[in-house]
Each structure stands twice: as structure tokens, then as C-alpha cells.
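The values are calculated or read from the model by the stated rules, or taken from the named source; none is laboratory data. Fair warning: this is a prediction, and the values are worked out from it, not measured in the lab. Cβ sites come from the backbone with ideal geometry, for glycine too, and all protein chains shown count toward neighbours. Heavy atoms of the whole protein, side chains included, go into the accessibility calculation; ligands, DNA and RNA do not. Shrake-Rupley method; radii C 1.70, N 1.55, O 1.52, S 1.80 Å.
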Amino acid sequence: MCGLAGFVSPFLRADAAPGVITSMLSLIRHRGPDEAGYYLDDGLTMGAVRLAIVDLPSGAQPMADPSERHWICFNGELYNHVELREELRRLGRPFRTQSDTEVALQAWIQWGPACLTRFNGAFAMAIRDAVSGDLFLARDRYGKRPLFYADLRGEFLFASEMKAFRAYPGFRFELDPRELESIFAVWTPLPDRTPFKGIRQLPMGGFLTLRDGHHTLHTYEELEVAAPPFTGSEAEAAAYVRETLRESVELRLRSDVEVGVYLSGGLDSSIVTKLATDLSSHEVRTFSVAFEDKTFDESGNQHEVASYLGTRHSSITVSAADIAESFPSAVYHAEVPAFRTAFVPMYLLSRHASDAGIKTILSGEGADEAFLGYSLFRETLLRASWHELPEDERADKLAGLHPELAHFGPAHRKHLTGLFQQFSVERLPGLFSHELRYQNGLFATRLLKDRAEPFADALALVRMAPEYAALTPVQKAQWLEYKTLLAGYLLSTQGERMGLAHGVENRCPFLDPAVVRAAAAVNLRFDDGFDEKAILKKAFRGELPASSLTRPKQPYRAPGSAVFKEQRPDYLELLLSDAELAQLDCIDPAFAKRLVAKIMSTPDAEISTKEDQAFVYLLSTAVLNQQFVMNRESYMGAPSKARLNVRTIADRRVNRPAPLAVGGTL
Amino acid sequence: MDRTQKIRQFVEERFLIDFGGEVTAESDLFKAGVIDSFGYIQLMSFLEDEFSLRITDEEILGNIFVSLDGIDAFVAAKLAEGDVLCAD
């Protein structure tokens, strides 16, 4: 795991390039505290910070092939690097290290962009062809690792985190009201978007080529949520799922450093823990978040699973004060507005894991999307069949939908029937599954002064997606979850960005293409989808505590607006003060003040989810505005303790200016 | 405060809107993004409790509770029919 950054600029003075790239890398040094390096030629400067996990001594970056024509900066891991290396070696490709970075480079030289579909991993990479002058950027198929870019009419910047652009001369961040509208409505940025004007993400499964100053985008792999149905028995399907997951965990335990596990206490992370303990020769270490507020706490389940599986377990207990204190730091690392605070405890957990000497963890992300774990999928199945179902069946299915929510309880069954009747017909073409959820998002868009069509870009996304129209309603729901909430929040804001804030990389066994395919083949084959993740439970029956296999999913949550109301951190003034609020040009002050006043004066139990979400959106946007737009370091939270350790400099400029201040070349 | 005002005030306070601006008494409150699931349940409970009326299964499935005007007319008709749980 690492971070990368770079730029193509005909305008920057040649002697400025080393200083600029060093500053850019310094801003993302938390991602790679072990070492850093950069490459320069007459057209491009790029570099990487490295968190050494595979081939610690010789995996330094940037790395070149023996001819020094191709140079790579690589962020992430190829879990199948051993197999790819053998295949490439047989094809005559030369290797000088044991690192997966070199495998990625040689695969690119051998196969070009076709190499990407062969990669099983979490990665973002930049490859420079010093002969053709092309720059090639690529990102993994599920968007596990980030890659942002800005095409500034002749200048092209790219980086693992947008904050690196702060070091580029003349670069200014500006919030984009149109993107904020879409983010508030949909809950996350769309796959290629960010909240800032002029900055895009390379979408998952995509690559970009920069040639002669012009960039072109391509998709190398479309997301597949459909698969031919599994033809064996239910027992065979359960065994197939179990074996596929076992192989996935085994691949992700490949590491030259110890791999820990994030154990939430739910089914998915318990399965990962179980397989990791089976496959490890040493005692596996597990790490958890516990909450002071018992409403959110799952520590009982965490301890039960850890004890059952014999892991060396440790946890942090997070209080409202902890969330309030670390919110600005976590937002700084997230770089996008957030609709809930649950990412902040993950920021604290990665600090805890890092302090314990852990650089790599496994987690259960992706299981709910693949195996239909979310109530959203059951809700979609119910709404899609609403008019065909007899009354008593509707009532039964409504009853099992959200057992954790009081307003979905028996006292309101009749009212819920009326609500679902309203949402039984598609209003937003292609977004049927998410329409009820998006009501909360629509409420948050009222924070903005100018509102046009909050779903216009989401509608265009699904309209343009090949094969999307042919998917079933629940498959469309999955597709949207993969493209928005998973990549845009769970893997990023709550996942990768929080982990890498403290140099901890996450690996997701449920996001192996083979696991996603297996899930697609068995889903709804042996059950109707209303028994949550039934096939997964069957696959691990007898191997986990009974409670893990029987209790309903408890969504991972953390206290929201109540935290800020109770703790009154200084930065709450950004919302309480009219003058501070006015600094957010795109925000409608009247609605914002009304919302804030209601939150501050209403008992927590009477605050609705949509109000809570809108408040957290507003606060995180205000903090981001201070950090990125106004460049106020006092709002950026705790600075990283990591140092920028530049060890590799490859200066391939023909027109080299004065000698570099820092020594060492490849 | 009369019936219409009571309903209007509840919706305005609960959903942080002002009727007369972008949202009018005729607006479809679902399409306008005003009503969410939690708010809808609260609104139905409020109507039943405040006006001591019972919404039937048929009525709840009708397209009645989508606009302020629609809700107000429904409550007015119920009260006129005397279809209430107990007298005011």
C-alpha cells in the first residue's frame, strides 16, 4: 500500500519540479511512512510514498523495467502476483525483485491495458512510457484504492488524495455546488466525481491515457452483478461459497508483514476471522470498535466471536467526546462531505492498529453488497412485487424489514403499507430501488441555494451503463450500491482513507471477483432473499458462535448530531455563527439555520434520520471548506506523525537544471 | 387554531418547509422530497391522534396523503362524516 502523486506541466519551471513533487508527497506521507521516491523527465514528474508490505527491501518506487523505458508508481496490492509472475516469467519477462509492483509493470509491458482484467487486487497506478511520452493511469475494478486527477488546460495533476494538489503552485480548491447537490441526494460522489470543481476520480474499472496533453478515459471491466445460476444443490452451493471465500482470504494473507482482522461482531467479519485463523500458523490479532453508548455497542458479540475463534483481541471504546475531537481530522482524510459520523471511530481504530504494529488488516466490506445483506435489497424485492402480493404477505414482509427501527414496528404497519404503496412504482428511471432512501437525500439538498436536478447525473450514470436495463430490480440495487455507497463511502471515507490516515491498509476478501461471481450465482436460488444472507450462514454453520448465525444484522452506526450538540466543539461555530455560515457560498443560510436551530433545540430521540444526516453533511462541508478552500491548517486536525523519507530519485531529464539537493538515484 | 392550520403547522415544523414558496398546498410532498418514511409515519399518527379519526386500509392505499390540500380535505370529510373515535 502506498500513495502516489504527479503532474505534467509545460509551464512549471524545471528547477521547481523536485520541490513541488516533494511537497505533494509530503501531504500524503501518512499513506506511506516507510519510504518515498520520485521520477522526473522532461515532461512528467511523479512519485510515491510507500508502506512496505511485500518485498520490503527491494520494492522501492518509482520502479523501472531493465530498459528504463517504463516507470511505475503503484499503490496497492496484486493478490495474485505470484501466479502472474510465473506466467510472465514463462513469457520471458525479466524480474529483479519479488515485489508485486514489478509484476504490475511487467504485465503492462506484456499485455498493455489487457493486463488489468488479469489483476486480482486493490490498486491504483501510474505508468510512464519514457519513449512514447504517454502516461497511463488505472484503478481496480471495485474502486478500493483512490486516484484523483485534474486536467487544467495544459497541466495535468494526479494523486491518491486530493490534498496533494494543495502543494501545486496556483492550485485552488473550490466547492462545486452541482456535485454537492448530487452527493447530498445520492449520499456519495458518483464514481468519477468529487465535491471540488475541476477534480475528478478515475472511476473503478477504468484507465486513462494522457497523450500529447489530452486525456482519454476507458472502461476495462464493467461491473457484473448477474451470473448464470448455480446448478448444484443447496449444500453444494454453500460449499462452493465457503471454498471461494477460503481461497480469497488465503490470497489476502500473502504479506511480508502480519495481517490483522477488523472484527465488527457481525457475520461477515466473523467469517473472515474464522478463515484467517484457519489459514494462519500464528495467533490472529483482531481489532474492534466499542462504544460508550450501548445503543451502538457490539462489544458483546465481538468478544464472543474472538473468544470462540481464539484470537488475540483488542478494542477501543469510543465516546462522544472522541468523535467530536477527531471529526476534523477524519474529514480532512475523507476529503468529501459525509452523511454520518461512523467513519470517525474507524479513524481511531486504525490509529490503534497502527500503534499495535499492524500495517494490514482484513475486513468484511463487500459482503452485504454481494450476498444481499442490506434491508435495502429486501425492501426492493418487496416494493417490486408489491402489486402481486396478497395483503397478508405484504404485512409479513414489512414486519421483517427493519426490526431495529421503531417506526417499522407493528404499531405502524398500516401506515407503512400506505408509504410503500407510494413507492411501489418507479419515479426515477433506473433508480427504483433507492427511491425511498433518496427521500432523505432530497431533504439534504435543500441545504443548497441552487437546486436543479439532484438525480440528473445518477440517472445518466445508469442510463449509460451497458446491460443495466436488463438487470432485475434487486440487481440494479446491488449495482448502485457497488457504484455509490460501497466505493463512495464504505471503502473510502469509512475504509481506505481512515486506514491510511495511520498507515494501515485494508483488504476485503468479499471483494474478490470470484466471490462476487459466486454470490451472483447462488443469490435467490435457494431462498427468497428475506432470510438475510441465508446461503452464507449455511456455508459457515457450526463454525461460528450460534448467535453470529442467527441474530439479525446490526448496522454499524455511531452517534451523529447528538455528539456535537453535547460536546459543543469549537468548530460547531461554523454552523452556529451567521458570519461563519455565510462563508459557505453555496449553502442556503435560511434553511441551514432552521435545521441547525431544530437540531440544537430538539431532544435527540425526536431528530429524524434525514435531519441528522443533513446536519452531518452541513458540518462536514463547512469543515472541508475551511480545510481545502480556505486552507486553514487549524481546521485540519492532528498532523500526521509520519515523516517523508525520500530514498529514491530518478532524474531522467535531458535538460537537467542545477544539481538536486537530495542525493541518490536508481 | 383551525384544522387546516394545525395540519399545516405540523407539516411545516416536522419537515422544515414553508408552504407558499417552492412547496405549495397542492404539491406532491413525496415528489418534492419533503416526506421520508419516519416523517410519514409521524404524520399519519398525528392525524389519527389529533383528530381522533381512524384511517382505513383502503384509505391509506389511496393517493390521499400526498399533498396538504389532499390531507386537509380528507380530514375535513372524515370529521363531517362523524367517522371519529370519540367526539371532540
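Can you sort A:His81, A:His214 by 1.4 Å-probe accessible area, starting with the largest?
A:His214, A:His81
What relative contact order, as a whole-number percentage, does chain A give when Cα pairs under 8 Å and 6 or more residues apart are counted?
20
Would you mind checking the tilt of helix A:234-252 against the longest principal axis of the Cα atoms of chain A, expressed as 0 to 90 degrees and rounded to 10?
Between helix and principal axis, roughly 30 degrees.
Could you give the dipole magnitude of the stretch A:378-473 about its Cα centre, charging the beta-carbon of Lys and Arg +1 and that of Asp and Glu -1, in debye to the nearest 20?
Here the stretch A:378-473 has a charge dipole of around 340 debye.
Work out, step by step, the length gained on full extension between A:Val257 and A:Glu236: first 0.36 nm times the residue separation, then minus their alpha carbon distance; give nm to one decimal.
4.1 nm
With both partners inside chain A, how many of the DSSP beta bridges are antiparallel, as a percent to the nearest 5?
70
To the nearest 500 deg cm²/dmol, what mean residue ellipticity at 222 nm is calculated for chain A from DSSP H runs of n ≥ 4 alone, each contributing -39,500 (n - 2.57), summed and divided by the residues?
Helices in chain A give a 222 nm mean residue ellipticity of -10500 deg cm²/dmol.
Restricting attention to chain B, which trypsin sites (Lys or Arg not before Pro) occupy a DSSP loop and are surrounded by at most 14 other Cβ atoms within 10 Å?
Here the sparse-neighbourhood loop sites are B:Lys31, B:Arg54.
Before anything else, pin down the relative contact order of the stretch B:3-81: Cα pairs under 8 Å, at least 6 apart, normalised by residue count, whole percent.
37
Show me the trypsin sites (Lys or Arg not before Pro) within the stretch A:21-117 that DSSP assigns to loop and that have at most 14 other Cβ atoms within 10 Å of their Cβ.
Passing sites in the stretch A:21-117 are A:Arg69, A:Arg96.
Taking every DSSP beta bridge with both residues inside the stretch A:230-385, roughly what % is antiparallel (nearest 5)?
The antiparallel fraction comes to roughly 0 percent.
About its Cα centre, how strong a charge dipole does the protein assembly as shown have in debye, to the nearest 20, once Lys and Arg get +1 and Asp and Glu get -1 at the Cβ?
The dipole of the protein assembly as shown has a size of about 2440 debye.
A:Lys565 accessible area, nearest 10 Å², 1.4 Å probe?
Here the accessible area works out near 40 Å².
Farthest toward the dipole's positive end in chain A, which of A:Phe148, A:Pro18, A:Val515, given Cβ charges of +1 (Lys, Arg) and -1 (Asp, Glu) about the Cα centre?
The listed residue farthest towards the positive side: A:Pro18.
At 222 nm, what helix-only mean residue ellipticity would chain B give, in deg cm²/dmol to the nearest 500, using -39500 (n - 2.57) for each DSSP H run of four or more?
That calculation yields -16000 deg cm²/dmol at 222 nm.
If only Cα atoms are counted, what is the Rg of the stretch B:3-81, and what is its Dmax, in Å?
Here Rg and the maximum Cα pair distance are 11.7, 33 Å.
Can you tell me the FRET efficiency between A:Arg463 and A:Leu401 if r is taken as the Cβ-Cβ distance and R0 is 22 Å, rounded to the nearest 0.05?
E(calc), rounded to 0.05, equals 0.15.
For A:Tyr635, tell me the accessible area in Å² from a 1.4 Å probe, rounded to the nearest 10.
Accessible surface of A:Tyr635 is approximately 50 Å².
Can you tell me the equivalent ellipsoid semi-axes for the protein assembly as shown? Use √(5λ) from the Cα gyration tensor, largest first, whole Å.
So the three semi-axes of the protein assembly as shown are 46, 30, 23 Å.
What ranking of A:Phe95, A:Phe408 comes out by heavy-atom accessible area, probe 1.4 Å, highest first?
The ordering from most to least exposed comes out as A:Phe95, A:Phe408.
With a ≥ b ≥ c taken as the square roots of the eigenvalues of the C-alpha gyration tensor of the stretch A:366-413, please select rounded if a/c is under 1.5 and otherwise prolate if a/b is larger than b/c or oblate if it is not?
Here the stretch A:366-413 falls in the oblate category.
Round to a whole angstrom and tell me the spacing of the C-alpha centers of the stretch A:362-378 and the stretch A:235-301.
15
In terms of the Cα gyration tensor, with a ≥ b ≥ c the square roots of its eigenvalues, is the stretch A:378-473 rounded because a/c is under 1.5, prolate because a/b exceeds b/c, or oblate?
oblate
Compute the distance in nm between two label points, each set 7 Å from the Cα along the Cα-to-Cβ direction, one at A:Asp355 and one at A:Arg118.
The two pseudo-label positions are separated by 4.4 nm.
Which of the listed residues, A:His70, A:Leu416, A:Leu428, is farthest toward the dipole's positive end in chain A, when Lys, Arg count +1 and Asp, Glu count -1 at the beta-carbon?
Most positive-ward Cα: A:His70.
Which cross-chain or sequence-distant (5 or more) residues have an amide H under 5 Å from the amide H of A:Ile587, H modelled 1.01 Å from N in plane?
Result for A:Ile587 returns A:Lys449.
Using alpha carbon centroids, what distance separates the stretch A:78-134 and the stretch A:26-67, in Å?
Answer, in whole Å: 16.
At a probe radius of 1.4 Å, figure out the B/A buried accessible area, summed over both chains, and give it in Å² to the nearest 100.
Buried area (both sides, nearest 100 Å²): 2600 Å².
Work out the length of the dipole vector of the stretch B:3-81 about its Cα centre, built from +1 on the beta-carbon of each Lys and Arg and -1 on the beta-carbon of each Asp and Glu, and round it to the nearest 20 debye.
Computed charge dipole of the stretch B:3-81: roughly 120 debye.
Using +1 at the C-beta of Lys and Arg and -1 at the C-beta of Asp and Glu, which of A:Phe7, A:Ala579, A:Tyr374 has the Cα lying farthest in the positive direction of the dipole of chain A?
Result: A:Phe7.
Rounded to the nearest 0.05, what FRET efficiency do B:Phe10 and B:Glu81 give with R0 = 25 Å and r taken as the Cβ-Cβ distance? Could you check?
The pair B:Phe10/B:Glu81 has a calculated efficiency of 0.70.
Where in the stretch A:632-655 does the amide nitrogen come within less than 16 Å of the point 7 Å from the Cα of A:Glu292, taken along Cα to Cβ?
Within reach of a label on A:Glu292, which here means backbone N under 16 Å from a point 7 Å along Cα→Cβ, the stretch A:632-655 contributes nothing.
Give the carbon-plus-sulfur fraction of the accessible surface of the protein assembly as shown in %, rounded to a whole number; probe 1.4 Å, heavy atoms of protein chains only.
49
Quick one: compute the contact order of the stretch A:363-506, relative version, from alpha carbon pairs under 8 angstrom and 6+ residues apart, as a percent.
With pairs under 8 Å counted, the relative contact order is 29 percent.
From the protein chains alone at 1.4 Å, what is the descending order of accessible area for A:Glu505, A:Glu325, largest first?
The ranking, largest first, comes out as A:Glu325, A:Glu505.
For chain A, find the longest principal axis of its Cα atoms and tell me its angle to the long axis of helix A:177-186, 0 to 90°, nearest 10.
Roughly 50 degrees, rounded to the nearest 10.
Over the stretch A:1-91, average the accessible area per residue using a 1.4 Å probe and give it in Å², no decimals.
On a per-residue basis, the stretch A:1-91 sits at 30 Å².
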